[in-house]
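Readers should treat all values here as calculations from the given coordinates under stated rules, not as data from a laboratory. These numbers come from a predicted model, not from an experiment. Positions of Cβ are generated from backbone atoms using ideal geometry, with glycine treated the same way; all protein chains shown enter the neighbour counts.
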Amino acid sequence: MPKTFSGIEPLAVRTADAMRMAGHGKTKLFALLKAGEYESFLDGRIRLITTASIRARIARKLEENRRIEARP
């Protein structure tokens with residue numbers, strides 16, 4: 001998890017932090033960015049990924065997994 005300032009969670013993180021947060025490697029992370037699974041923007045030369053989009057994808061994957069496991 002990225003360092004926080006005064007205990008406040010960051011709104012966006014660098015790619016290395018996003019990889020750690022989501023448990024992805026670099027190739028998977030950039031594939032998900034290209035697919036529109038994560039929201040990101042360039043701030044100068046630095047790509048930042050919103051933590052909200054990381055959390056939203058995790059929530060979608062958990063829901064998808066629940067539906068698969070609930071099938072008879």
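Within the chain, list the trypsin sites (Lys or Arg not before Pro) lying in a DSSP loop whose Cβ has at most 10 other Cβ atoms in a 10 Å radius.
Values: sites: K3, R14, R20, K26, K28, K34, R45, R47, R55, R57, R60, K61, R66, R67; in loops: K3, R45.
Filter output for the chain: K3, R45.
Computed from the mean reciprocal separation of all distinct C-alpha pairs, what Kirkwood hydrodynamic radius does the chain have, in Å? If you can, show how the numbers build up before the last one.
Details: mean 1/r = 0.0758 Å⁻¹.
In the chain this quantity evaluates to 13.2 Å.
When only Cα pairs under 8 Å and 6 or more residues apart are kept, what is the percent relative contact order across the chain?
30 percent
In nm, to one decimal, how far is the L62 label point from the I46 one, both placed 7 Å along Cα→Cβ?
With each label point 7 Å from Cα toward Cβ, the separation is 2.9 nm.
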